[in-house]
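The values are calculated or read from the model by the stated rules, or taken from the named source; none is laboratory data. On a predicted model such as this, the values are computed, not experimentally measured, just so you know. Reconstructed Cβ throughout: ideal geometry from the backbone, glycine too, with neighbour counts over all protein chains shown. Accessible surface areas use protein heavy atoms only, side chains included; no ligands, DNA or RNA. Shrake-Rupley method; radii C 1.70, N 1.55, O 1.52, S 1.80 Å.
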Amino acid sequence: MWSSLYFLQLVAVLLVLGNTLGAHGTQLAYDYYKLSCPFVETIVKEEMLSIFLTDVSAPSAFLRLFFHDCQVQGCDASILLDSHDYFNQNPELASSKNFGIRKQENIGHIKSRLELVCPGQVSCADIIALAAKESVLFTGGPHINIPLGRKDSTIRTYSKQADANLPSPGITVDQFLHIFTSKGVNLEESVAILGAHTLGVGHCMNIVNRLYDKKPGDDDHQDGMDLAFKAMLRLKCPTRVPLTNLTVVSNDLTPLVFDNQYYTNILMGKGLFGIDSSISSDPRTKPIVGRFAADQNYFFNVFSSAFVKLSSTNALTHKKGEVRRQCNRIN
Ligand code: HEM
Ligand SMILES: *[C@@H]1O[C@H](CO)[C@@H](O)[C@H](O)[C@H]1NC(C)=O
């Protein structure tokens, strides 16, 4: 009798142990750092708060950094590898698709603080994902719980990989949906993840094609862009080929707040990039845009599940990657 109870207890203990070991095994896990770096999320949050207080545009930068990291070989901090070494004179960051990417050095800074607390444990890829999730929360968006345990890439990547994998602002809805459905993100979630454009800005070079490519006499209304909005954009970006890269235009009316304003804007013909406008008219995506514009909580819920999927697909786990000592170089 007693011995069989002990046996059951032993089994239970082994199961729990097995789970904990599993967390350090081949899968991402919500409690991945429970033993190896229990305060990692608190430390990242603290560091992010001090960055946010000195730079209101930081949250949008971290959110885009996260997408651009995950879009090239999965979320593996490949975007942080810089040209410090002779063999990587054309890092991902040199791609024109990465124009405007900022704040990489802050990830390196957080990493060095974590190295003091729990050396060799926390990957740069996890720091990028945590920074993005804090950015969403800080600006008024949902609290998203993400699994951790991503490893950093050990393979050098180049600007040509970024060129090939990062989407252009004028992609079609088909191309857009393909990018996300190939990661297991469904139709509704794909529309939700683009709601990240509720934060931040764009540069003229990503907009001018929509403003000046029309032949004379073309109906100005054919692309569905609000005419007053188009006139405003033409004032901001007055030449077909931008003369500087200094001008920025807000992604939506409230570029510092994570809300559903983006969807209201694009329904009114005030989408900044081609793809923003396209999803507001395509019969597959338009009803979803309408639903998000009407119900912010619903948008937040779907955005959260999309974010978790985007952050987990193709993540390198276990021995498929490493924990870099410095985020900008392979160990
Ligand atoms: C496939 C679709 C996407 C396209 C074509 C696209 C395109 C762009 C472009 C052209 C910019 C402006 C860059 C500049 O001119 O400085 C931009 C900015 C931004 N994108 Fe996207 N994007 C896409 C998806 C995403 C996703 C999935 C996220 C995040 C989860 C995201 C987050 C952002 C943010 C936050 C900004 C503002 C950056 C800043 O203010 O510095 N985008 N995007
Ligand atoms: C703006 O940046 C893009 C991408 O890096 C570059 O190709 C272009 O020459 C720059 N334009 C100006 C006017 O500096």
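Test Tyr298 against the criterion of being within 11 Å of ligand 1 (Cβ to nearest atom), surrounded by 14 or more Cβ atoms within 10 Å (Cβ to Cβ), more than 14 Å from Asn206 (Cβ to Cβ) and not small (Gly, Ala, Ser), and give yes or no. No, not satisfied.
Within region 51-98, being more than 16 Å from ligand 2 (Cβ to nearest atom), open to solvent by 40 Å² or more (accessible area, probe 1.4 Å) and hydrophobic (A, V, I, L, M, F, W, C) holds for Leu53, Val56, Phe67, Phe87. Looking only at residues in region 301-331 that are basic (Lys, Arg) and part of a loop (DSSP other than H, G, I, E, B), the one that is surrounded by the fewest Cβ atoms within 10 Å (Cβ to Cβ) is Arg325.
In region 231-290, what count of residues is obtained for those that are among the charged types (D, E, K, R) and in contact with a strand residue (DSSP E or B) (Cβ under 9 Å, 6 or more places away or on another chain)? Even if it seems obvious, please write down each step before you answer.
Kept after step one, since they are among the charged types (D, E, K, R), are these residues of region 231-290: 234, 236, 240, 252, 259, 270, 276, 282, 284, 286.
Those still in the list that are in contact with a strand residue (DSSP E or B) (Cβ under 9 Å, 6 or more places away or on another chain) too: 236.
So the count comes out to 1.
Conditions tested, residue by residue: (1) within 16 Å of ligand 2 (Cβ to nearest atom); (2) free of Cβ contacts under 8 Å to residues at least 40 places away in the same chain; (3) open to solvent by less than 30 Å² (accessible area, probe 1.4 Å).
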{"position": "Ala129", "(1), (2), (3)": "no, no, yes"}
{"position": "Ser159", "(1), (2), (3)": "yes, no, yes"}
{"position": "Phe176", "(1), (2), (3)": "no, no, yes"}
{"position": "Leu187", "(1), (2), (3)": "no, no, no"}
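For (1) free of Cβ contacts under 8 Å to residues at least 12 places away in the same chain; (2) away from ligand 2 (no atom under 12 Å from the Cβ); (3) not polar (S, T, N, Q), each residue gets a yes or a no:
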residue	(1), (2), (3)
Phe229	no, yes, yes
Met232	yes, yes, yes
Val241	no, no, yes
Thr247	no, no, no
Val257	no, yes, yes
Asn265	no, yes, no
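Checked against (1) within 8 Å of ligand 1 (Cβ to nearest atom); (2) closer than 22 Å to Asn260 by Cβ, Gly195 meets all criteria but (1).
Pairs meeting the criteria (first residue in region 298-322 and in the same structural domain as His68 (by TED's automatic domain parsing), second residue outside any loop (DSSP other than H, G, I, E, B) and open to solvent by 40 Å² or more (accessible area, probe 1.4 Å), beta carbons under 6 Å, at least 6 apart or on different chains) are lacking.
The condition (being of a type in the set (Val, Ile, Thr), touching a residue at least 24 places away in the same chain (Cβ under 8 Å) and within 16 Å of ligand 2 (Cβ to nearest atom)) is satisfied by just one residue among Ile43, Ile101: Ile101.
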